[in-house]
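Okay, so here's the structure we're looking at.
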Amino acid sequence: MMQRLAVAVAVARQRVGASLPQRTPAAFFSTSMLFDETQIKFKEGVQQFAQDQIAPHADKIDKMDSFPEDVNLWKLMGDFNLHGLTAPAEYGGLDVGYLYHCLAMEEISRASASVGLSYGVHSNVCLSQLVRHGNATQKDKYLRKLISGEHVGALSISEPGAGSDAVGIKCKAERVDGGYVLNGNKMWCSNGGIADTLVVYAKTDVNARSKGITAFIVEKGTPGFNAAQKLDKLGMRGSGTYELVFENCFVPKENILGEEGKGVYIMMSGLDLERLVLAAGPIGIMQACLDVALPYVRQREQFGRPIGEFQLMQGKIADMYASLQSSRSYVYSVARDCDNGKVISKDCAGVILVAAENATQVALQAIQCLGGNGYMNEYPTGRYLRDAKLYEIAAGTSEIRRMLMGRELFKDQ
Amino acid sequence: MKIMVAIKRVVDYAVKIRIKSDKTGVETTNVKMSMNPFCEIALEEALKIKESGFASEVIAVSMGPAQCVDTLRTGLAMGADRAIHVDAPATLFPLSVAKLLKALVEVEKPGLLILGKQAIDDDCNQTGQMVAGLLNWPQGTFASKVVLDKEKNVATVDREVDGGLETADLRLNQPRYATLPNIMKAKSKAIKKMTAEELKVEMRSDMEVVQVIEPPKRKAGVIVSSVDELVDKLMNEAHVI
C-alpha cells in the first residue's frame with residue numbers, strides 16, 4: 001500500500017513577481033439567458049483555448065498575412081474537437097449542433113478573426129456540405145481528415161464576373177469519359193490555395209442559369225487545378241483568399257456532389273447555415289473590441305480622471321455593449337431554432353446582416369475609445385475594424401441579405 | 001490506490017473584487033465564480049498520476065453551498081472519476097474544512113490527498129497542513145514536483161521555498177482544458193451529496209470575521225531634506241521606530 005501522504009501543491013514563484021496561470025482576463029458578460037450549463041462550460045473552454053493558443057499569434061498573423069509556421073493551428077483546433085461540431089460521430093465529429101458551432105466560431109474569432117474566418121469556411125462552409133450531400137463513399141474518403149484537422153477544406157462559387165450573381169458563374173464542366181473536365185477561373189476563395197479538399201461549383205450546362213450548376217469535390221494537386229494568386233486584402237489577413245484556375249482539370253464522376261444539374265440546391269441550402277455560423281464571427285469581434293476598450297477607458301486618465309467617467313464615453317461603451325448583446329441574442333436564438341429543425345432563410349440572413357453591420361460600428365467606436373492610440377497599429381483596434389468589414393460582404397453582401405429578407409417578408413402571409 | 005483532491009469554488013481570479021457595503025466580506029452576488037487556480041493544478045497532478053498507472057480513481061471533493069456542484073462538474077469534465085459535495089455554509093474556515101476532509105478520508109480511504117496550496121479568496125495556506133496533522137499523515141507542501149515509486153511505496157516531493165532551489169519549470173503542471181466530449185461525459189458522472197452530520201463532524205465556527213476593509217490607498221512618496229526629518233517621519237508618522 002502506498003505510504004499515505006497529504007500534499008499541498010504550489011505554483012513556484014518567480015523572483016521578479018508571482019504569476020498565476022497565464023490567462024488573459026476577459027470581460028465576462030452574463031449570457032446565462034442564452035445558454036445552458038454545458039454550453040457555458042464549452043464556451044469558457046474554447047475561450048481559454050483560443051486565448052492561450054490562438055490570440056498570442058493574432059497580431060503576427062495579421063502583419064505577416066499568414067498563419068504561424070511554428071505551430072499547426074488546424075491540428076490544435078482538431079485536437080480540441082472543434083472542426084466536427086456539426087459532423088457525425090462515425091467520422092470523428094461530435095454532432096452537437098449549430099449553437100455549439102457558433103460558440104466555437106465566436107470565441108475563435110474573438111482571439112483572431114482571420115483564424116475564425118478560415119475555421120468557419122473549413123468546418124462549416126466546406127465540411128457541412130460534404131456531411132449533408134456527400135454519399136457514403138465520399139464521406140468515408142474525405143470527412144475524417146477534415147474533422148481531425150489534418151486536411152483543410154474550402155468551397156468555391158464566386159468568379160471574377162460572378163459575385164452576388166452566384167448563379168451567373170461561367171466555369172465550365174464538360175462531360176467526358178469517366179468524369180468531367182473543368183475550365184475556368186474562380187475568385188475570392190477562402191483557404192483555396194492551402195485546402196486539400198474543395199467543393200467547387202461549375203456549369204455542366206453553360207446556357208442554363210441555375211439549372212446548369214453542378215457541385216464537384218476537387219482534390220489539391222489535381223492536374224489542371226492551381227491556386228493562381230493569394231489576394232492582398234484590407235483585413236482578415238492571414239486567412240488566405242485565392243484566385244483559382246482550372247485548365248482542363250479532370251474530375252472523376254465519383255466526385256460529383258449530389259446530382260448533375262442539381263448543384264444550385266446544394267449551394268442555396270448551404271448558404272443559410274453558412275450565414276448563421278459566420279454571423280458568430282462578428283460577435284467575437286465585437287466582444288474583442290469591448291475586451292480592449294473597457295480596460296482602456298477605466299485606466300486612461302485625462303483631466304485628472306479616468307476617461308470612462310465622462311458621460312460621452314459611457315454612452316459609447318453602452319452602445320457597444322447593447323449592440324453586442326442584441327446581436328448575440330439574435331444569433332443564438334436562430335442557432336437554437338436551426339438545431340430544432342427550423343431553418344428560416346430570412347433569419348439566417350438577418351443575423352449576419354445585423355451582426356456584421358454592428359461589428360463594423362463597434363470596431364469604429366473601439367478605435368474612438370482609444371483615441372490616438374486607437375489609430376496606432378500597435379493596438380489591435382485597427383485590425384478589428386479591417387476584419388469586421390469583411391462580414392458585410394462575404395456570404396452574401398448586406399444588399400443581397402436585405403433583398404432576400406425583403407422578398408421573403410413580402411411573400412409571407 | 002485512490003487519490004482524493006479537494007477543490008474550492010472561489011471568485012474568479014480575473015474579477016475585480018469589491019467589498020460589501022456592510023464590510024462583512026467580499027461581494028459575491030452576480031460575480032463570476034470558478035475553481036481555485038491552485039486546486040486546478042492539484043487536480044491536474046492527480047489526473048497525471050492516475051494516467052501513469054499509479055492510481056485507479058480520482059475523487060474530487062468540495063464543501064459549501066449547492067453551487068459547489070458546478071465546480072465539481074468542471075473537475076469531472078477535466079477527468080475526475082466521481083465527486084462528493086459536502087453541503088455546508090459558504091464561509092468555512094480551514095480547520096472546519098480539514099475536519100471534514102479527515103472524515104471523508106476515513107470513509108473513502110484514499111492513498112493520497114492533494115490540495116491547492118491556498119485559496120485565492122482567503123490566502124490561508126492552512127488546510128493541507130491541518131488535515132495532515134489531524135490524520136497524522138506525512139505532508140509535502142509547496143510541491144514543484146511529485147514523483148511516485150510503486151516498488152518502494154514512496155512519494156518524493158520537490159519543494160519550492162523562498163531561498164531555495166529554482167527549478168526550470170516554474171510550476172507543477174499546466175491544467176488541461178476540459179474538451180466538449182469530456183464536458184458531456186461529466187454530466188453522467190456521479191456527484192454524491194453528504195452532510196457534516198453524516199460525517200460526524202461538529203461544525204463549530206472557531207473564528208468570526210469582524211470586518212473586511214480595503215487596504216489603505218497608496219500615498220505618494222515624500223522626498224525628505226535631511227536625516228533629522230527622516231527620523232522624525234519614521235518615528236511620528238510611520239511609527240516604525
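Throughout, read-outs are computed from the coordinates displayed, never taken from laboratory work. Quick caveat: nothing in here was measured; it's all calculated off a predicted structure. Cβ placement follows ideal geometry from the backbone for every residue including glycine, while neighbour counts extend to all protein chains displayed.
Here's the picture: charge each Lys and Arg Cβ at +1 and each Asp and Glu Cβ at -1 in the protein assembly as shown, and of A:Asn185, A:Gly168, A:Val115 the one pushed furthest to the positive end of that dipole is A:Gly168. Sorted ascending by nearby beta carbons within 10 Å, beginning with the fewest, A:Cys189, B:Cys124, A:Cys102 become B:Cys124, A:Cys189, A:Cys102. Note on B:Ala238 and B:Asp70: the extension gain reaches 55.8 nm, defined as 0.36 nm multiplied by sequence separation minus the Cα-Cα distance. For a paramagnetic label modelled at 7 Å from the Cα of A:Glu301 toward its Cβ, which residues of region B:211-237 fall within the zone defined by backbone nitrogen distances under 15 Å? Label zone hits: B:217-221.
Approximating the spin labels as points 7 Å out from Cα along Cα→Cβ, the A:Asp205-to-B:Lys185 distance works out to 5.2 nm. Which value at 222 nm does chain A reach when only helices count, each DSSP H run of 4 or more adding -39,500 (n - 2.57), with the total divided by all residues and rounded to the nearest 500 deg cm²/dmol? -16000 deg cm²/dmol, from helical runs alone.
Note on region B:2-236: along the principal axes its Cα atoms extend 69, 43, 38 Å, ordered by decreasing extent. Extension gain for the segment A:Met403 to A:Ser164, taken as residue separation times 0.36 nm less the Cα-Cα distance, is 84.9 nm to one decimal. Its Cα centre serving as origin, the protein assembly as shown has a Cβ charge dipole (Lys and Arg +1, Asp and Glu -1) of approximately 620 debye. Stokes-Einstein, applied to the Kirkwood radius of region B:62-193 over Cα pairs at a viscosity of 1.002 mPa s and 20 °C, places its translational diffusion at 128 µm² s⁻¹.
Computed from Cα atoms, the angle from the helix B:68-78 axis to the main principal axis of chain B rounds to 60 degrees. About its Cα centre, region B:2-236 has a charge dipole of approximately 840 debye under the convention of +1 per Lys or Arg Cβ and -1 per Asp or Glu Cβ, with nothing else charged. Extension gain for A:Asp177-A:Lys342 works out to 55.2 nm (0.36 nm per residue, less the C-alpha to C-alpha distance). Take every Cα pair under 8 Å whose residues are at least 6 apart in sequence, average their separation, divide by the length of region A:213-262, and the relative contact order is 56 percent.
Largest first and in whole Å, the equivalent-ellipsoid semi-axes of region B:151-241 read 49, 27, 20, each the square root of five times a Cα gyration tensor eigenvalue. With only Cα atoms counted, region A:298-374 has Rg and Dmax values of 16.7, 56 Å. Computed 3J(HN,Hα) for region A:175-180, one whole-Hz value per residue from the Karplus formula 6.51 cos²θ - 1.76 cosθ + 1.60 where θ = phi - 60°, is 5, 9, 5, x, x, 9, glycine and proline marked x. The calculated FRET efficiency for B:Lys150 paired with B:Asp123, based on their beta-carbon distance and R0 = 25 Å, is about 0.10. In the protein assembly as shown, the convex hull through the Cα atoms has an average projected area of 37.5 nm², a quarter of its surface area. Within 10 Å of the Cβ of each residue in B:154-160, the mean number of Cβ atoms contributed by other protein chains is 3. Here region A:210-241 is scanned for amide nitrogen atoms under 18 Å from the site 7 Å beyond the Cα of A:Glu254 along Cα-to-Cβ, giving A:216-223. Here region A:118-187 is assigned +1 on the Cβ of each Lys and Arg and -1 on the Cβ of each Asp and Glu. Its dipole about the Cα centre then comes out at about 160 debye. Taking all Cα pairs closer than 8 Å and separated by 6 or more residues, the relative contact order of chain A comes to 15 percent.
Cβ-Cβ distance of B:Asp158 and A:Met268, R₀ of 56 Å, FRET efficiency by 1/(1 + (r/R0)^6): the value works out to about 0.35.
Summary value for chain B: 25 percent relative contact order, contacts being C-alpha pairs under 8 angstrom separated by 6+ residues. Rounded to the nearest 5, the antiparallel percentage of DSSP beta bridges internal to the protein assembly as shown is 55%.
For B:Ile84, the residues whose modelled amide H falls within less than 5 Å of its own, excluding neighbours fewer than 5 places apart on the same chain, are B:Ala60, B:Val61, B:Ser62, B:Lys192.
Over all alpha-carbon pairs of region A:68-156, lay out the pair-distance distribution in 10 Å bins, whole %, shortest bin first. Per 10 Å bin, starting at 0, the Cα pair percentages come out as 18, 57, 22, 3. Cβ crowding within 10 Å, taken as a proxy for footprinting-reagent exposure, orders A:Lys342, B:Lys117 from fewest neighbours to most as A:Lys342, B:Lys117. Taking every DSSP beta bridge that has both ends in chain B, the antiparallel portion is near 35%. Note that region B:80-92 has calculated 3J(HN,Hα) couplings of 4, 7, 8, 9, 10, 10, 9, 5, 7, x, 5, 8, 10 Hz, one per residue in order, obtained from phi through the Karplus relation 6.51 cos²θ - 1.76 cosθ + 1.60 (θ = phi - 60°); glycine and proline are x.
For the charge dipole of the protein assembly as shown, defined by +1 on Lys and Arg C-beta atoms and -1 on Asp and Glu C-beta atoms about the Cα centroid, which residue among A:Ser333, B:Thr195, B:Ala103 has the Cα displaced farthest towards the positive pole? Of the options given, the answer is A:Ser333. In this model, which of B:Lys16/B:Lys117; A:Lys233/A:Lys389; A:Lys203/A:Lys253; A:Lys43/B:Lys32; B:Lys50/B:Lys193 are farther than 19 Å apart at the alpha-carbon? Long pairs (Cα-Cα over 19 Å): B:Lys16/B:Lys117; B:Lys50/B:Lys193.
Each residue of region B:195-210 was assigned a 3J(HN,Hα) from its phi angle through the Karplus curve 6.51 cos²θ - 1.76 cosθ + 1.60 (θ = phi - 60°); the sequence is 10, 4, 4, 4, 7, 6, 10, 7, 8, 10, 7, 8, 9, 10, 7, 7 Hz, with glycine and proline shown as x. Cβ-to-Cβ counts within 10 Å put B:Glu40, A:Glu106, B:Glu197 in ascending order as B:Glu197, B:Glu40, A:Glu106, the fewest first.
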